[in-house]
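Derivation of every value follows stated rules applied to the coordinates shown; laboratory data play no part. Computed from a predicted structure; not experimentally measured. Please note: Cβ atoms are built from the backbone with ideal geometry, for glycine as well, and neighbour counts cover all protein chains shown.
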Amino acid sequence: MSWTTIDRACGTPLFRQIYETFRRRILQGELQSGEKLPSTRELASSLQVSRTVIVEAYEQLLAEGYIEGRHGSGTYVAEGAYLQTVGAAPEGPVPGLALSSPLPGRPDLIDFRHGLPALDLFPRKLWGELAKRTCSRTAPEAFGYGRPEGRSELRQTLCHYLRRSRGVLCEPDQLIVTTGATQAISLIARMLLTGQSDVLLEDPLTHEIHTMFALPGTALHAVPVDGQGMMTHLLPTGLRPKLIYVTPSHQFPLGGVLPIQRRVQLMEYAARTGSYIVEDDYDSEFRYDSAPVSSLQGLDPDRVVYIGTFSKILSPALRLGYLILPSSLVENARQHKWLTDLHTPSLEQLVLAEFIEEGHLERHVSRMKKIYRKRRDFLIHCLTRSFGDKVTVAGYSTGIHLIAEFAGISFTPELLSHIENKGVRVYPAAFHAYRKEEHRHRLILGYGNLAEEQVEEGIRRLHAVLNNYWPHKQENDKFC
Ligand SMILES: Cc1ncc(COP(=O)(O)O)c(C=O)c1O
């Protein structure tokens, strides 16, 4: 058994890394009370560090009550340190911060990071022209403080676009422009989760989003997800959740699209329990084999808070997203937005409004959809050529990532770092899950920002590593 790993390059003292891993594993119940820990000598030798480092980590854990020494017999996990209510926080560094860019000195790293659109295909020239025009023509008032809900030009045009393209039922008054979907989710969490609250979340779901809902007094309940999204027949009875967070048009990360029967079941449950549904519609414009599914919001605008973003259809660097709220929540949301950052930058909002108004957004989405479909098909082709029946590809109908399931493989931190040492970075689905064991064999592979040559080489490198990991060495060593 591997107790912990260390990263000598990350700058965090070694004793701290060891302390934090043990602490997290104890809190999450992975190490259970009464379980014996390795001796300081054994652990020092397996990690190739000095024994003082281990002693220091153990002393810290001992001082905080996570472990206890039993005279003459060793060190054990203490009673009562398993934090049951909040569920297990997904492990590791926050993705998108620590994992966002190629490692220094590794320009050849091929990064299957999910959630990134094709950065080199951002319509720079057009955006630049619109920005120049906006800057020179806009009245001076736009350069002052704005309103918390954002510019009316953008809210108007966005409402039309959403009615047309997503079946969202809204008036501009219900829309608040935010700094990405992330801020929209955070505002909703802080607005609705006051006092003791229950929240239902999909399992798995984006690591940061889980963290945003984990506010003091909030009990998080994970509802399992399968290939069709949230398993609504498993919605818990006996609770009155304040909110239920879902990604019905493209579940993150598993990729399912919630069928109507489950949508109805979810809406009925929310009506019965008096809960709000928070619908995060982060990338469903890219649906490849049929038209995008309509929003959940269109079924009951008084019950659903709809969240959208321009991070995937244009660029995450814009930091532009929005919230569409039932009328009763609008004023409260405006106040929260004002107290958070007053408002989202006005000039960017005006440029985006022009971009949508002149039809560029719809043209851009339609062009990118063709490109992403080609990239997706090529990735699937490379995976099946290389891995044959050892891989199952899922969740690829929508968006800019898919799920690859590798029979018999468990993507442990050791295996992931081995893969990265070979020049390819992949992302484990288990990172985002409460029930990690069910997802150990799954990778999330983003393809939005990778050219075909990179996909081909990346899968070749991945294959070179995994081929040695199957219990019986594979004969299959074909590459695409
Ligand atoms: C499910 C989901 N929702 C929302 C976001 C955040 O998007 P934004 O860049 O708009 O904050 C992400 C990030 O990739 C995500 O995975």
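For this structure, a couple of remarks:
- Share antiparallel - DSSP beta bridges, segment 138-361, percent rounded to 5: 35
- Residues with amide H under 5 Å from that of VAL278, placed H, sequence gap 5 or more: ILE244, TYR245, VAL246, VAL305
- Spacing of the modelled spin labels on TYR288 and GLN335, each 7 Å from Cα toward Cβ, amounts to 4.7 nm.
- Here the chain carries DSSP beta bridges of which approximately 55% are antiparallel, counting only pairs with both residues inside.
- Whole-Hz Karplus values for segment 182-192 come out as 4, 5, 4, 5, 5, 4, 4, 4, 6, 6, 8 Hz, taken residue by residue from phi with 6.51 cos²θ - 1.76 cosθ + 1.60 and θ = phi - 60°; glycine and proline positions read x.
- Nearest-ten-degree value, helix 346-357 long axis tilted from longest Cα axis of the chain: 70
- The magnitude of the dipole of the chain, with charges of +1 and -1 set on the Cβ of Lys/Arg and Asp/Glu and taken from the Cα centre, is near 660 debye.
- Karplus (6.51, -1.76, 1.60) ³J(HN,Hα), θ = phi - 60°, over segment 277-292, in Hz, Gly and Pro reported as x: 9, 9, 9, 9, 10, 8, 8, 6, 4, 8, 10, 8, 9, 7, 5, x
- Phi angles across segment 332-340 convert, under the Karplus curve 6.51 cos²θ - 1.76 cosθ + 1.60 with θ = phi - 60°, into 3J(HN,Hα) values of 4, 5, 4, 5, 4, 4, 4, 6, 7 Hz, Gly and Pro given as x.
- Packing-based ranking of 124-130, 159-165 yields 159-165, 124-130, ordered from highest to lowest mean Cβ neighbour count within 10 Å.
- All Cα-Cα distances of segment 396-461, cut into 10 Å bins from zero to the largest, leave 20, 52, 26, 1 percent in each bin in turn.
- Given LYS36/LYS422; LYS242/LYS390; LYS312/LYS337; LYS132/LYS369; LYS242/LYS312, the pairs whose alpha carbons are separated by over 31 Å: LYS36/LYS422; LYS242/LYS390
- The listed peptides 300-308, 220-228, ordered by packing as a protection proxy, come out as 300-308, 220-228 (highest mean of other Cβ atoms within 10 Å first).
- Kirkwood Rh (inverse of mean 1/r, distinct Cα pairs), segment 164-221, angstrom: 13.1
- Nonlocal amide H pairs with ASP203, under 5 Å, H built at 1.01 Å: VAL223, VAL225
- For segment 333-459, radius of gyration divided by Kirkwood radius, i.e. Rg to Rh on alpha-carbons: 1.11
- Value of relative contact order over segment 138-361, rounded to a whole percent, pairs C-alpha under 8 Å and six or more apart: 29
- Compactness ratio for segment 14-77: Cα radius of gyration over 2.2 N^0.38 Å (N = residue count) comes to 1.01.
- Across q = 0.11, 0.15 Å⁻¹, segment 138-361 modelled as identical point scatterers on its alpha-carbon atoms has Debye log10 I(q)/I(0) values of -0.51, -0.96, in the order of the q list.
- Helices in the chain, meaning DSSP H runs of at least 4 residues, each add -39500 (n - 2.57). Divided by all residues, the mean residue ellipticity at 222 nm is -12000 deg cm²/dmol.
- Set the Cα radius of gyration of the chain against 2.2 N^0.38 Å, with N its number of residues, and you get 1.04.
- Amide proton proximity set for VAL424, modelled H, under 5 Å, gap of 5+: ILE110
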